[in-house]
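Below: one structure, written as structure tokens.
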Amino acid sequence: MLLLFLLFEGLCCPGENTAAPQALQSYRPAAEDPLSFRMLQISSFANHSWAHSEGSGWLGDLQTHGWDTVTGTIRFLKPWSHGNFSKQELQNLQSLFQLYFNGFVRIVQASAGQFQLELKPEAWLSRGPSPGPGRLQLVCHVSGFYPKPVWVMWMRGEQEQRGTQRGNILPNADETWYLRATLDVAAGEAAGLSCRVKHSSIEGHDLIIHWGGYSIFLILICLTVIVNLVILVVVHSRLTKESPVFPMGANTQDTNNSRHHFCLAQVSWIKNRFLKWKTRLNQLS
């Protein structure tokens, strides 16, 4: 083992100890299979700001070293794991590993977008079955998040609604997770409520969806239709009042047809405006 570490030192610091490979060859019996020294690394990335790395060293099937991520030092798991390294040489190795782990984490986090590793949750609201007369069941759906821990709560301003009921966290086909949170309220108390989602992938940027907030576009569409209907009624009324008196026997069918065509044109114009608003709504949603 001591000679093995001399070999490792020679690999890390070439030129300082050239006798290690020859010493290792003379130490290894010819009849035995050569032992391999492996260093393994496991790194976990939950979001842009959180990462955890583990390192270990193995001599064959025996773990001899570990990596302390808190102190940034090598853990020697056997009494003879220090080898023949001096204190200064061990510090140099630890500094080398610290530099590697820190650099590796930064590179992966910077390239996460290119790897499409971001799993930010998406949320939407719906209305569930009515729990009773004059009451509503509000449903907040959260899907596509990973890892599993997530915080979902119905809110009124900054006040948590204790009546929030969370369902079971269920798996999606893509190995992400889905959750729904419901709240039973009186029909007149739904205004002002919102669903707030907290997850490690959007740390510091809570996802907030207001109940009914999406209906502003529908409100604008309805207002547009109402305004145009009012205009149609006013114009029709004026045309009726200002229409000339036709003499007896005159062909009133032509007059009625012109009015009918005018109304049809107005209705067609309103329909076109409605379709434009609907198209714009679909693009925004």
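For Leu77, nonlocal amide neighbours, meaning residues 5 or more places apart or on other chains whose placed amide H falls under 5 Å from its own, are His65, Gly66. Once the C-beta distance of Glu203 and Trp80 is scaled by a Förster radius of 51 Å, the resulting FRET efficiency is 0.70 to the nearest 0.05. Note on the range 64-151: Cα Rg divided by 2.2 N^0.38 Å, N the number of residues, gives 2.08. In this calculation the C-beta distance from Ala186 to Arg106 is compared with R0 = 45 Å, giving a FRET efficiency of 0.30. Annotation: the range 130-175 has a Kirkwood hydrodynamic radius of 13.0 angstrom, from the mean reciprocal C-alpha pair distance.
Working note: Karplus 6.51/-1.76/1.60 with θ = phi - 60° gives the range 152-165 the couplings 10, 8, 7, 10, 10, x, 9, 9, 6, 8, 5, x, 4, 10 Hz, where Gly and Pro are set to x. Surface composition of the range 44-181: carbon plus sulfur atoms contribute 53% of the solvent-accessible area (1.4 Å probe, protein chains only, all chains present).
Rounded to the nearest whole Hz, the Karplus-based 3J(HN,Hα) values (6.51 cos²θ - 1.76 cosθ + 1.60, θ = phi - 60°) of the range 81-98 follow the sequence 6, 5, x, 9, 5, 7, 4, 5, 5, 5, 5, 5, 5, 4, 5, 5, 5, 4, with x at glycine and proline.
The values are calculated or read from the model by the stated rules, or taken from the named source; none is laboratory data. As the structure is a prediction and not an experimental result, all values here were calculated from the model. Cβ: placed from backbone, ideal geometry, glycine included. Neighbour counts: every protein chain shown. Heavy atoms of the whole protein, side chains included, go into the accessibility calculation; ligands, DNA and RNA do not. Shrake-Rupley method; radii C 1.70, N 1.55, O 1.52, S 1.80 Å.
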